[in-house]
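The values are calculated or read from the model by the stated rules, or taken from the named source; none is laboratory data. Keep in mind that this is a model prediction, so the values were computed, not measured. Glycine also receives a Cβ, built like all others from the backbone with ideal geometry; neighbour counts cover every protein chain displayed. Each accessible area value is taken on the protein alone, full model and side chains, heavy atoms only, with ligands, DNA and RNA left out. Shrake-Rupley method; radii C 1.70, N 1.55, O 1.52, S 1.80 Å.
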Amino acid sequence: MRLVETIGLYILFLKKVFARPQRGKIFFQEVVKEVDKLGLKSIGIVSIISFFMGAVITIQTAYNTENPFLPAYLVGLAARDSILLEFSSTIVALILAGKVGSNIASEIGTMRVTEQIDAIEIMGVNSANHLVLPKITAAVLFNPFLCILSMGVGILGGWLVGVSTGAVLSQDYIDGVQAFFIPFYITYGIIKTVVFAFLITTISAYYGYYVEGGSLEVGQSSTKAVVFSSVMILLFNLLLTQLLLS
Amino acid sequence: MIKVENISKAFVGRPVLKNITAEFEQGKTNLIIGQSGSGKTVLLKSIVGLHDIDEGNIYYDDTHFNEIGFDEKKKIRQKIGMLFQGGALFDSATVEENVMFPLNMFSDLSVEEKIERANFCLARVNIVNANKLFPSEISGGMKKRVAIARAIALNPTYLFCDEPNSGLDPKTSIVIDNLIKEITEEYNITTLVNTHDMNSVMGIGDKIIFIYEGEKWWEGTKEEILQSDNNELNEFVFASKLAQKIRYGK
Ligand SMILES: Nc1ncnc2c1ncn2[C@@H]1O[C@H](COP(=O)(O)OP(=O)(O)OP(=O)(O)O)[C@@H](O)[C@H]1O
Ligand SMILES: [Mg+2]
């Protein structure tokens, strides 16, 4: 029952968010600010995590395929496909749910409990639209770049660490990365990233927007935002995989 | 002119406003007084539609405010300036940007004109040389004054002030009170002010409504308030030694 109510409220919230902005120019300025805050400021963490995950995937695959009957290029191929298919979309989205999701929920939640949202609303501005639409737009537009960056850095990390630890030969890895390449995997990763970006921003904004109380409740809602976005990412990952790959 | 008729509001079964009827006149400073927790803030927020009322009617001049849709409400709200009890400045924006926000949203002024207007409003509340500071970098009383500047930026038709001088020193309080009265008369605004400060009551109260435990208990002018024989009102008005002295001469 609670769940049905929450979903209903969430849909009503989205209806409020997706309206024409009061001023196009201000909307555009806000999108630029959000790209910086939610996107550019995530490049560091996405790169670091992608590098290490690429490295670990490569070493583990090499370790598990130490069989002379398996082709040498297998390590590169397996690392590439796991990065493209799962890692750069889903795992990166989970990381961003933690970083960006809690940021959005606490920012909007604080604005709610300190009456800043009421102040916007009272001026005759649609506060949900003004505050949330720029965030959704920024994330949906920019996260695909983070995804592609993560793919590149992950594959590079696998190569650098794989070769320097002797887990794989440089040429074998490079051959593997190029073997049986299916370009749709990249599209698939980007489609998932866009959906996940939408889920993270809207769910976190929803939890922030409807906070009641004080700083304690803002903290709780920010936790809920992260947990719920993560669960939804996993659920939609399953749905999209069924839909796009089978 | 703003009129409320028989409005009631309860929070989870606990009544906060009980059947309040009142008229707030244009060009006058209408004060809502009452002790802490009596329901002043809830009344103000109900009138502007931040709280949905359970019963009753609210009129802004000829518009039946609680019956109209979101888009029509937006039109009325563009004529409203509101000062929140906590200031409610945008933390992520500077003092100047806060005051410019409503101008950016609704005016067609050029950037220079907007800055000029913002500076004009800030000067009226005695804020100078603080344009580039953030709300976290200014004092509580300054926040309040910046919030007033933001509320009057668009020359509102209706002005709501929730405790405009709580947290201000007596001298600044008088400046703010006088400012509110001045612009109310100058631009013929319908102004509603919540306060529990008797200095404000005696200074600017054209029309006074006393709320007691969510009910309208008394209504009158500042001249009448000192002569009233209403017990609860007198308890509120003459709570201070100074006021007692004025009335009873002891
Ligand atoms: N959002 C809310 N949910 C539940 N109860 C509320 C809410 N807002 C206010 N109340 C209750 O309504 C009553 C009136 O509160 P209100 O804020 O209007 O008082 P006030 O007259 O403005 O007091 P003060 O002078 O201290 O600001 C209080 O008992 C308060 O607990
Ligand atoms: Mg109050």
Taking the residues in segment B:38-76 that are under 26 Å from residue B:221 (Cβ atoms) and open to solvent by 30 Å² or more (accessible area, probe 1.4 Å) as candidates, determine which candidate is farthest from ligand 1 (Cβ to nearest atom).
B:61
Does segment A:72-79 contain at least one residue that is more than 14 Å from chain B (Cβ to nearest Cβ) and not in a helix (DSSP H, G or I)?
yes
If residue B:167 satisfies every condition in (1) open to solvent by 30 Å² or more (accessible area, probe 1.4 Å); (2) touching a helix residue (DSSP H, G or I) at 6+ places or on another chain (Cβ under 7 Å); (3) in a helix (DSSP H, G or I); (4) touching a residue at least 24 places away in the same chain (Cβ under 8 Å) but one, which is the exception?
(3)
Right, residue B:112: more than 30 Å from residue B:18 (Cα to Cα) and acidic (Asp, Glu) or not?
yes
Which one of these is under 21 Å from residue B:125 (Cβ atoms) and modelled with pLDDT under 85: B:167, B:205, B:249?
B:167
Selected residue (criterion: nearest to the other protein chains (Cβ to nearest Cβ)) from residues of segment B:77-94 that are open to solvent by 10 Å² or more (accessible area, probe 1.4 Å) and without any contact (Cβ under 8 Å) to a residue 60 or more places away in the chain:
B:77
Of the residues that sit in segment B:95-122 and are of a type in the set (Val, Ile, Thr) and surrounded by fewer than 19 Cβ atoms within 10 Å (Cβ to Cβ), which one is nearest to the other protein chains (Cβ to nearest Cβ)?
B:111
Of all helices (runs of 4 or more DSSP H) completely enclosed by segment A:113-185, which ones contain at least 3 residues that are open to solvent by less than 10 Å² (accessible area, probe 1.4 Å) and within 14 Å of another protein chain (Cβ to nearest Cβ)?
A:116-122, A:127-164
For residue A:101, work out the one condition from (1) part of a helix (DSSP H, G or I); (2) open to solvent by 10 Å² or more (accessible area, probe 1.4 Å) it doesn't fulfil.
(2)
The number of residues in segment B:141-160 that are among the small types (Gly, Ala, Ser) and in contact with a strand residue (DSSP E or B) (Cβ under 8 Å, 6 or more places away or on another chain) is 3
In segment B:188-207, residues that are in contact (Cβ under 8 Å) with a residue 40 or more places away in the chain and either within 15 Å of ligand 1 (Cβ to nearest atom) or more than 18 Å from the chain's Cα centre (by Cα) (or both) total 8
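Is segment B:81-97 home to any residue that is touching a Cys at 6+ places or on another chain (Cβ under 8 Å), of a type in the set (Val, Ile, Thr) and more than 16 Å from ligand 2 (Cβ to nearest atom)?
The answer is no, given that none of the residues of segment B:81-97 is touching a Cys at 6+ places or on another chain (Cβ under 8 Å), of a type in the set (Val, Ile, Thr) and more than 16 Å from ligand 2 (Cβ to nearest atom).
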Of all residues in segment B:38-61, how many are of a type in the set (Ser, Thr, Tyr), away from chain A (no Cβ under 14 Å) and near ligand 2 (Cβ under 10 Å from one of its atoms)?
1
Considering every residue within segment B:138-161, establish whether at least one is of a type in the set (Ser, Thr, Tyr) and either surrounded by 15 or more Cβ atoms within 10 Å (Cβ to Cβ) or within 16 Å of ligand 2 (Cβ to nearest atom) (or both).
yes
Assuming residue B:191 fulfils every condition listed in (1) more than 24 Å from residue B:79 (Cβ to Cβ); (2) assigned to a strand (DSSP E or B) apart from one, which condition is it?
(1)
Hey, residue B:160 hits all of (1) under 30 Å from residue B:198 (Cβ atoms); (2) outside any strand (DSSP E or B); (3) within 11 Å of chain A (Cβ to nearest Cβ); (4) touching a Leu at 6+ places or on another chain (Cβ under 9 Å) but one; which does it fall short on?
(2)
Among residues of segment B:1-15 being near ligand 1 (Cβ under 9 Å from one of its atoms) and basic (Lys, Arg), the residue least open to solvent (accessible area, probe 1.4 Å) is B:9
Unmet criterion (only one of (1) touching a Leu at 6+ places or on another chain (Cβ under 8 Å); (2) more than 16 Å from ligand 2 (Cβ to nearest atom); (3) assigned to a strand (DSSP E or B); (4) of a type outside the set (A, V, I, L, M)) for residue B:219
(1)
Would you confirm whether or not segment B:16-37 contains a residue that is within 14 Å of chain A (Cβ to nearest Cβ), within 16 Å of ligand 2 (Cβ to nearest atom), assigned to a strand (DSSP E or B) and open to solvent by 10 Å² or more (accessible area, probe 1.4 Å)?
no
